[in-house]
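Undergrad: Pasting in a structure now, in structure tokens, and then I'll have a few things to ask.
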Amino acid sequence: MIRTLIIFAFSLLSTLSCHAQSKVVEISTNLGTMKFRLYDDTPKHRDAFIELAKEGYYNGTLFYRVIQDFLIQGGSKSSKGAAPGKRIGYGDPDKTVDDEILSQYFHKKGSLCAPRQPDEINPYKQSDISQFYIVKGRLYTSGEIDTIELAANRPIRNKIVQNVMTPEIRDELKRLKDEKKVDEFRELAESVKDKIETEYSLNPGVIKFSEAEREAYTTIGGYPDLDGKFTIFGECIAGFEVIDKIASLSTDKNDRPFTDVKITVTVIKN
């Protein structure tokens, strides 16, 4: 009951902010309907998604990749009329969009996101807007969020310390300490510490969850491992229970539900 109220509160806050994010789409399925507001500061994805929706591109496609505690993915044209058990979900290289990965958006439950090819063949992180995924994720404890930060950041700090604390610096610190030159030792040690902290604070790989991220991941859930890697261009404002229904379906070895979930996308406010 409490979690339901929390999700309702997040949904209400999202709805109240729709005056700023004016584009709203409806994704209807045979298991229910979801509504999403599209972000105005991801205009390439917003406009491309709306254009394809108006063309009816997504209509009749399936949620073909469903993983509980992770995501539901659909929209691929290869899923239209696909026979049971057929491997589907291929993207469309003609419908790529330059990335709009923004730090203020993260993979909380209900986030509407664009998949893409791996970095090895797609170094510029271009999105495949011919399909989309919606985050289901799971709830995290505050301790788990701390652990994610620590696991990502400790190797970064260790590498910086290794680079800054050269053998020459170590030898000099040892000499000053042995000679009891306290002031010089302290000055050099402080200089080394400041350099380490500066490089650490400027390293783009360092993870630091914001208060908003912590609140979302510990109350409605999500999937933080994807943050910063994919473009998030909208969020659910109604129909969270439909995400849960679809995510709970039984699937085959390729994560395709045994029960087809057909999609219709309608632009209801543009």
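Undergrad: Within the range 182-202, is even one residue of a type outside the set (A, V, I, L, M, F, W, C), open to solvent by 20 Å² or more (accessible area, probe 1.4 Å) and either part of a loop (DSSP other than H, G, I, E, B) or in contact with a Phe, Trp or Tyr (Cβ under 8 Å, 6 or more places away or on another chain) (or both)? If you could, list the steps in order and put the result at the bottom.
TA: Our first condition is that a residue be of a type outside the set (A, V, I, L, M, F, W, C); within the range 182-202, this holds for 183-184, 186-187, 190-191, 193-195, 197-201.
Right, trim to open to solvent by 20 Å² or more (accessible area, probe 1.4 Å) and you get 183-184, 186-187, 190-191, 193-195, 197-201.
Those left that are additionally either part of a loop (DSSP other than H, G, I, E, B) or in contact with a Phe, Trp or Tyr (Cβ under 8 Å, 6 or more places away or on another chain) (or both): none.
Scanning the range 182-202 turns up no residue that is of a type outside the set (A, V, I, L, M, F, W, C), open to solvent by 20 Å² or more (accessible area, probe 1.4 Å) and either part of a loop (DSSP other than H, G, I, E, B) or in contact with a Phe, Trp or Tyr (Cβ under 8 Å, 6 or more places away or on another chain) (or both).
Undergrad: Between a first residue in the range 238-260 that is free of Cβ contacts under 8 Å to residues at least 12 places away in the same chain and a second residue that is aromatic (Phe, Trp, Tyr) and open to solvent by 70 Å² or more (accessible area, probe 1.4 Å), which pairs have beta carbons less than 7 Å apart while being 6 or more apart in sequence or on different chains?
TA: Hits for this filter: Ser250/Phe258.
Undergrad: Still on this structure, please answer the following. What single numbered condition from (1) open to solvent by 40 Å² or more (accessible area, probe 1.4 Å); (2) over 29 Å from Gly32 (Cα atoms) fails to hold for Glu241?
TA: Single failed check for Glu241: (2).
Undergrad: Oh, and also: Which residues, taken from the range 97-108, are part of a strand (DSSP E or B) and open to solvent by 20 Å² or more (accessible area, probe 1.4 Å)? Even if it seems obvious, please write down each step before you answer.
TA: To start, the set of residues in the range 97-108 that are part of a strand (DSSP E or B) comprises 97, 108.
Residue satisfying the conditions is Lys108 alone.
Undergrad: For the range 56-75, check the following and say yes or no: at least one residue is part of a helix (DSSP H, G or I), over 15 Å from Ile134 (Cβ atoms) and not aliphatic (A, V, I, L, M).
TA: The answer is no, given that none of the residues of the range 56-75 is part of a helix (DSSP H, G or I), over 15 Å from Ile134 (Cβ atoms) and not aliphatic (A, V, I, L, M).
Undergrad: Being surrounded by fewer than 16 Cβ atoms within 10 Å (Cβ to Cβ) and at pLDDT below 95 is true for just one of Asp94, Asp146. Which residue is that?
TA: Working: Asp146 fails: at pLDDT below 95.
Within the list Asp94, Asp146, the selection yields Asp94.
Undergrad: Right, another one. Counting just the residues of the range 244-267 that are among the acidic types (Asp, Glu) and assigned to a loop (DSSP other than H, G, I, E, B), which one comes out least open to solvent (accessible area, probe 1.4 Å)?
TA: Going residue by residue through the range 244-267, those that are among the acidic types (Asp, Glu) are 244, 252, 255, 260.
Next cut, assigned to a loop (DSSP other than H, G, I, E, B) only: 252, 255, 260.
Working: Asp252: 34, Asp255: 51, Asp260: 58 Å².
Looking at residues that are among the acidic types (Asp, Glu) and assigned to a loop (DSSP other than H, G, I, E, B), I get Asp252.
Undergrad: Test each condition in (1) open to solvent by 10 Å² or more (accessible area, probe 1.4 Å); (2) farther than 20 Å from Phe258 by Cβ; (3) in a helix (DSSP H, G or I) for Asn122 and report the one that comes out false.
TA: Of the numbered conditions (1) open to solvent by 10 Å² or more (accessible area, probe 1.4 Å); (2) farther than 20 Å from Phe258 by Cβ; (3) in a helix (DSSP H, G or I), the odd one out for Asn122 is (3).
Residue-wise test of (1) in contact with a Leu (Cβ under 8 Å, 6 or more places away or on another chain); (2) surrounded by fewer than 18 Cβ atoms within 10 Å (Cβ to Cβ); (3) over 30 Å from Gly60 (Cα atoms); (4) β-branched (Val, Ile, Thr).
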{"site": "Lys80", "(1), (2), (3), (4)": "yes, yes, no, no"}
{"site": "Gly89", "(1), (2), (3), (4)": "no, no, no, no"}
{"site": "Gly110", "(1), (2), (3), (4)": "no, no, no, no"}
{"site": "Ile134", "(1), (2), (3), (4)": "yes, no, no, yes"}
{"site": "Ser142", "(1), (2), (3), (4)": "no, yes, yes, no"}
{"site": "Pro167", "(1), (2), (3), (4)": "no, yes, yes, no"}
{"site": "Leu176", "(1), (2), (3), (4)": "yes, no, yes, no"}
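Undergrad: List pairs: first residue in the range 21-33 and over 13 Å from Lys54 (Cα atoms), second residue among the aromatic types (Phe, Trp, Tyr) anywhere in the structure, Cβ distance under 6 angstrom, at least six positions apart or on different chains.
TA: Gln21/Tyr39
The values are calculated or read from the model by the stated rules, or taken from the named source; none is laboratory data. In this text, all values refer to a predicted model and were calculated from it rather than measured experimentally. Quick reminder, even Gly has a Cβ in these numbers, built from the backbone with ideal geometry, and neighbours come from all protein chains shown. With ligands, DNA and RNA removed, areas are computed over all heavy atoms of the protein, side chains included. Shrake-Rupley method; radii C 1.70, N 1.55, O 1.52, S 1.80 Å.
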